[in-house]
1. Test Thr239 against the stated conditions and say whether it is assigned to a loop (DSSP other than H, G, I, E, B), assigned by TED's automatic domain parsing to the domain that holds Ala186, among the polar types (S, T, N, Q) and out of contact with any helix residue (DSSP H, G or I) (no Cβ under 6 Å at 6 or more places or on another chain).
2. Tell me, please, whether a residue that is in contact with a Lys or Arg (Cβ under 6 Å, 6 or more places away or on another chain) and of a type in the set (A, V, I, L, M) can be found in the stretch 56-67.
3. Across the stretch 263-318, which residue is modelled with the lowest pLDDT among those that are closer than 30 Å to Arg81 by Cβ and small (Gly, Ala, Ser)?
4. Return yes or no: is Gln269 of a type outside the set (A, V, I, L, M) and part of a helix (DSSP H, G or I)?
5. Take the residues in the stretch 6-34 that are in a helix (DSSP H, G or I), out of contact with any helix residue (DSSP H, G or I) (no Cβ under 7 Å at 6 or more places or on another chain) and at pLDDT 90 or above; name whichever of them is farthest from Asn203 (Cα to Cα).
6. Quick one: which residue in Ala120, Ala148, Ala127, Ala94 is out of contact with any helix residue (DSSP H, G or I) (no Cβ under 7 Å at 6 or more places or on another chain), surrounded by 15 or more Cβ atoms within 10 Å (Cβ to Cβ) and hydrophobic (A, V, I, L, M, F, W, C)?
7. Return yes or no: is Arg195 at pLDDT 95 or above, over 29 Å from Glu258 (Cβ atoms) and among the basic types (Lys, Arg)?
8. Report, by residue number, each residue of the stretch 214-230 that is in a helix (DSSP H, G or I) and touching a Cys at 6+ places or on another chain (Cβ under 9 Å).
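The values are calculated or read from the model by the stated rules, or taken from the named source; none is laboratory data. The shown structure was predicted, so the numbers you read here are calculated from the model rather than taken from an experiment. Here the Cβ positions follow ideal geometry from the backbone for every residue, glycine too, while neighbour counts run over all protein chains shown.
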Amino acid sequence: MIRSNSLDHTFVDQIMAEPGGEHLLECWSCGTCAATCLVRRFDPEFNPRVILRKAGLGLREEVLSSREIWLCSACDACYPRCPKGIHISEVMQAIRNIAIREGYERPDATAEVDVESCIACGLCVAACPYEAIALDAVAVNGTVKRAAQVDATRCMGCGICNSVCLSSSISVEGITDRAVGQSIAAAAPDGDSLRGALVITCNWCLHSTADWAYATEPPEGVHVVNVPCSGRVTPQFLTAALQQGYDAVLVVGCQTDECHYKHGNALEQGRAETMRGLLDLLGIAPERVQFDWLSSLDRGRFPNLVERLLADVRDLGPLEWGDR
């Protein structure tokens, strides 16, 4: 039961005064957004319908103190399916704006910068999908220098900034270069026969329970590593995997315009072209490193991609490259 003294109707007015928040009371609470949202796979407590409903009732403290208001990545997969045409992400941002002003902080890991090693190149500023990074003057060892600074209230922890950093000065806990590298090396094959394949998937590209089950228990000889976004995958990870003993690598991300982090997949598509040129330079067959992109309708296609990779590995044979 909701007590009347817990309702703050000025909260509704505040939200509706924020850009995007004017649509708060238009929501029908039909749940279409929740049925579409992939965040619920990792956090079942996240339900945009419930958040907007509570906000519309004026439950200020319950809404602003909840972890869930920080989880929407503004992928907008729910927008074309909403019968009212509401940008749920904009309403969520309106709620977050109020939370930020009242001193609430994002509870999950965000990007952190080693200002001593940062060279202020600005690549992370350009790559961040959420405009969460800026170059500012900071004090380091008694001197002032320019370095990247992260607005933790905007950062979604995707790690895209880390993937473009020339000095590895910016990273997100749990998906640092070292952490991803260790995940890849954890099951690096050994031996003189076919060594197997590495599959790197973003957390959001597999839409069916069957695909997730396949990724969780892949065929023998296949090692699957999950990253938040395909845009986190660098050519260094891929070449290191081949050096460590994998005969082939497959990177799977979201299809164009369906990236959970707005444009991370576009960055990776550019790296795919770079990787093809690098493989050619090294004299390695292009089939050794493959990229593919799954849409929300591509349910059940993931196993076919892996089977195709394994077939290519069998046709190509063990990779003879470097001092492995």
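1. Taking the combined requirement at face value, the residue does not satisfy it.
2. Scanning the stretch 56-67 turns up at least one residue that is in contact with a Lys or Arg (Cβ under 6 Å, 6 or more places away or on another chain) and of a type in the set (A, V, I, L, M).
3. Applying the filter and picking the extreme gives Ser296.
4. Judged against the criteria, Gln269 is a match.
5. Thr10
6. Ala120
7. Here the answer is no, as Arg195 does not meet what is asked.
8. The one that is in a helix (DSSP H, G or I) and touching a Cys at 6+ places or on another chain (Cβ under 9 Å): Ser230.
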